[in-house]
Each structure stands twice: as structure tokens, then as C-alpha cells.
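Each value in this text was obtained by applying a stated rule to the coordinates, not by laboratory testing. Here the structure is a predicted model, which is why all the values come from computation and not from measurement. So basically every Cβ, Gly included, is an ideal-geometry build from the backbone, and we count neighbours across all protein chains shown.
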2 protein chains.
Amino acid sequence: MGKVSDSTVSRLSMYYRSLLEFERKGDKIISSKDLAKTEELTPAQVRKDLSFFGSFGTRGLGYPVKELKERIAKILGLNRSWNVALVGVGNVGSALVSYKEFQKQGFNIKLLFDNDLRKINKNHKGVLVSDVKVLPEKLKKNKIEMVILAVPARAAQEIADLVVSAGVKSILNFAPVQIKVPHDVVLRSVNMATELEHLSFCLVNKDGMIES
Amino acid sequence: MGKVSDSTVSRLSMYYRSLLEFERKGDKIISSKDLAKTEELTPAQVRKDLSFFGSFGTRGLGYPVKELKERIAKILGLNRSWNVALVGVGNVGSALVSYKEFQKQGFNIKLLFDNDLRKINKNHKGVLVSDVKVLPEKLKKNKIEMVILAVPARAAQEIADLVVSAGVKSILNFAPVQIKVPHDVVLRSVNMATELEHLSFCLVNKDGMIES
């Protein structure tokens, strides 16, 4: 398998969602054109994305929906469940705990951590909140594979270091700060302000307000 | 100005944050190497990204921190404030209202909407929640420029259509569904499950579990 870009992985996630929808509607076979149309892509892009992972479908006949869905699920690791922990039960963290899509895709938030004594040892939406002090040992004991950081910017690096020390190899960071992890740890960051900046960038540039 | 990729815009957001940090530390001049180091990029990538927007800095002397920060702010539309409305005051919506980074960058959530009678006409974290029925007229009256959708998947397209009918040209969608908007409307989608799927993809493929 060659080097697969981030954009390809994002598009696989989209194809997977489209396939779930095609399946729900009862479609058995779809073309790369059908798949492209839903996402406003070209059929060539769809074929190129899928070609990274071997051969799918039959030329001229299209893709069997169920099989393609299952193969993409396997590629994305959605054919199994994952043990996830979340650190920081504030506004963002709390919203993530209730985010139904996670569980639907097999991402099970098993542990919650916080440093607020009012939250520790209490149940939050059905999950016990533990003291962040016992983070590494709890992560190991519960075989946690992914950690979501929803802590303030100032705490993010310190917590990330603890997570890494526990042997966890993947982190999803919602703290609005750049954190550093060793090369064998996968890090994704979501900064909602950055998303809004994409919008403002487009609005500003549409009006030709940029001078260079 | 040539065609600027999404990745370049995301990196501009990162440079902007790094520059704020350099400024806070009292640095006056930085090199493309300094900027690259913080983000784990190559200096060539930094120079290429900036070159889309004209000439910055002096060869061999580096970039003046304050000037570069201000120019990137202008490019991203962060040198002004934006009127934002948010639809769907559930878990995700509520977290976004409290998200301090938004206000810090000039994104002011001025209006909230919901269809839940228990929420309508009540204050939520200092902002009045209006009935989604009056969405288009309120958006127009308050000169809203961006709308954040934090509604369930099944409601997203319908609300997006209302937003578009009110003349709003940019939407940030948190509903876990693909929505369609006219070509002159900028749409960004954030799907948190997709982010976790990037992690699981990397974990699965690191172990060589993909068969093709």
C-alpha cells in the first residue's frame, strides 16, 4: 500500500457514510459516478482513492454496496470496537461523551478523567469520572487505545505526555494548542476556531479584499 | 492570487497561532525555519504558503513577527468581527457557545435558535434562544454572516436551506450528514467521528492489518 493522504482517508469516511445510506435505500450495486455525485467529486477521484487499497468492483458493472462498505469499514478500522478515554469533562468534553456517532462507529468512551474534585468519582452520563492523577495506570489497566483531549490549552501538553507514557498510540486533541508527541503516536487536532477561519477566509477573498 | 488549497488556509491558521505565541514571548523577528519548527513542517512549505499572498519579510533577515501576524489576520479575516448565529442548542451547540476561542478571534455568536419550546425565549449563557421558525428574518435583521449548524442529521438540510434563503453565504456544519448548498455558499463540515476514524485508520494500517 502506497502513502495514503489525509484527504483520501477523510473521503473514505465519506464514502462509508454514503454506502450506509445506499444500503439503507436498498441499492445493491453503485457506480463510482453514484458515489462521486453524493460527495460532489469526480468518478476518477473515487476510483483513485479506492485503488490505494486494491481492486474493488468490476469494470463496467460497478461496486457491490455491501462488499464495498465492509471493505472500507475494515480499512478504517470500523469492523471492530475501540477503547477510548476522554480527558476533560467540561463543555466540549461533555458534548463529546453524548456524541452518538462515536458509539455507532465502535468508538466506546470507557473512561473519563478530570482534575475537578466536584466531578471526580461521580457518574457523568453513565461513565465514572476518575482523577487525572491516576490517568496512566487506568489507561493501561483498561487497555485504552485512543485518548480524546478536551482540556484547556495550558494543560494539553502535560496530559498528552502522560497519555504517551501509558503507551497509548493515538490522540485526538480538541485543546486549541499545538501539542507534540513522539513519531510513533498518531495525533489529530480539531480546532473549531480554525474551521470558522476557513469560512472568514473564503468570505474575505470572495470580495477581493486581500491585497498582496 | 492563485488557487489556495484548504491545507494552506489551515496552515495559515496555525502560523497565526504560532505568531501570537512568538509575540507573547517578545520575539520581534523570526525565520521561516522558526515557524516551520513549531508546526513540524519544512521552511520551504512555510515560504510557499506565504508566497500565495504576496511578499513577506526580507530574504536572509526573516519576518517581522508583528507585521506578519497582522497580514495573516487580514488574509484570514481576523482583523474584524463577524456576526455568527448558531442553530441547535443541544450538547454540541451548547459547548460551541462556551468555546472561548471563537470570541477571541472575533466570531461573535449573536443569535441562538432551537425548536424546543423549553429552550425558546430563554437565555442560554447570555444569548437569547429564538424559535427556529423565525430563522430567516432574524438572520437578515441581525446581518448574520455565518451560521453554525449543530442540529440532528435529519434536520440539517432543511435548516441549511433556510439559512441560504436568508442570504447567508457561509455555514459550518456539525451535523453528521452531507448537506448541499449553492455554489456561492461556503460550507465546512466537522464530523468528530471522522476524526476518530483517521486515528483508527492509522492504528490499523500501522499494524499492517489491511489486505488488498
Sequence ranges B:132-140, B:195-203, A:75-83, ranked by mean other-Cβ count within 10 angstrom, highest first
B:195-203, A:75-83, B:132-140
I'd like to verify something in chain A: which complete DSSP H helices, judged by Cα projection on the helix axis, reach 18 Å or more and average at least -0.5 on the Kyte-Doolittle scale?
A:153-165, A:192-206
When Cβ neighbours within 10 Å are restricted to other protein chains, what is their mean count per residue of peptide B:65-76?
2
So if I restrict to the alpha-carbon atoms in the range A:30-153, what is the Rg, and what is Dmax, the biggest pairwise distance, in Å?
19.9, 62
Within the range B:82-194, what percent of beta bridges assigned by DSSP are antiparallel, to the nearest 5?
10 percent
Taking the dipole of the protein assembly as shown about the Cα centre (Lys, Arg +1; Asp, Glu -1; charges at Cβ), the one of B:I72, B:H183, A:N123 that reaches farthest to the positive side is A:N123
At 20 °C and 1.002 mPa s, the Stokes-Einstein diffusion coefficient in µm²/s for the range B:6-76, with hydrodynamic radius from the Kirkwood sum on alpha carbon pairs, is 181 µm²/s
Using only Cα atoms, figure out Rg for the range B:120-186 and give it as a multiple of 2.2 N^0.38 Å.
1.10
How crowded by other chains is A:182-195, given as the mean number of beta carbons from other chains within 10 Å of each beta carbon?
6
Counting sequence-distant residues (5 or more places) and residues on other chains, those with an amide H built under 5 Å from that of B:N173 are B:L149, B:R188, B:S189, B:V190
Based on the alpha carbon coordinates of chain A, what radius of gyration and maximum Cα-Cα distance (Dmax) apply, in Å?
20.3, 62
Can you tell me the dipole magnitude for the protein assembly as shown around its Cα centre, using point charges on the Cβ only (Lys, Arg +1; Asp, Glu -1), in Debye to the nearest 20?
360 debye
Rounded to whole Hz and in sequence order, give me ³J(HN,Hα) for the range A:171-182 from the Karplus expression 6.51 cos²θ - 1.76 cosθ + 1.60, θ = phi - 60°, writing x for Gly and Pro.
9, 10, 9, 9, 5, x, 7, 7, 10, 10, 9, x
Both in Å, the radius of gyration and Dmax of the C-alpha trace of the range A:39-84 are 12.4, 42
A:K141 versus A:S55, label points 7 Å from Cα toward the beta carbon: distance in nm?
5.2 nm
Would you kindly calculate the translational diffusion coefficient of the protein assembly as shown, applying Stokes-Einstein with the Kirkwood radius from alpha carbon pairs, for 37 °C and a viscosity of 0.692 mPa s, and quote it in µm² s⁻¹ without decimals?
143 µm²/s
Enter the mean number of other protein chain beta carbons within 10 Å of the beta carbon of each residue in A:14-22, as an integer.
2
Charges only on Cβ, +1 for Lys and Arg, -1 for Asp and Glu: so what's the dipole of chain B about the Cα centre, in debye to the nearest 20?
880 debye
